[in-house]
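One structure is given below, encoded as structure tokens.
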Amino acid sequence: MYNYEIILYWSDDDNAFIAEVPDLPGCMADGKTRQEAIANAETIIKEWIEVALEDGEEIPYPKAHLHYA
């Protein structure tokens with residue numbers, strides 16, 4: 001649906017996986033599993049965009065990020 005980068009990591013403080021969307025300020029979700037965190041992040045991305053549109057805010061385009069293996 002949307003091609004925003006999702007950064008996934010484990011949080012001992014929250015005892016959950018955290019999924020951050022760096023291109024959308026404040027957009028993040030969590031989950032007990034990696035899959036749950038990513039699914040929640042995809043939902044939050046959609047909701048973030050819906051709210052931004054309702055508020056007349058500009059929607060950032062997904063940025064290209066270079067990664068090295």
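The values are calculated or read from the model by the stated rules, or taken from the named source; none is laboratory data. Just so it is clear, the model here is predicted, and its values are computed rather than measured. As a convention, Cβ positions derive from the backbone with ideal geometry for all residues, glycine included, and neighbour counts pool all protein chains shown. Note: areas computed on protein heavy atoms with side chains; ligands, DNA, RNA excluded. Shrake-Rupley method; radii C 1.70, N 1.55, O 1.52, S 1.80 Å.
Below are the figures for this structure:
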read-out	value
Residue, least open to solvent (accessible area, probe 1.4 Å), within region 1-23, restricted to residues that are of a type in the set (Ser, Thr, Tyr) and within 12 Å of PRO62 (Cα to Cα)	TYR4
Matching residues in region 5-25 - criterion: being outside any loop (DSSP other than H, G, I, E, B) and either touching a residue at least 60 places away in the same chain (Cβ under 8 Å) or in contact with a Leu (Cβ under 9 Å, 6 or more places away or on another chain) (or both)	PHE17, ILE18, ALA19, GLU20
Per-region count, region 26-58, residues part of a helix (DSSP H, G or I), without any contact (Cβ under 8 Å) to a residue 40 or more places away in the chain and charged (D, E, K, R)	5
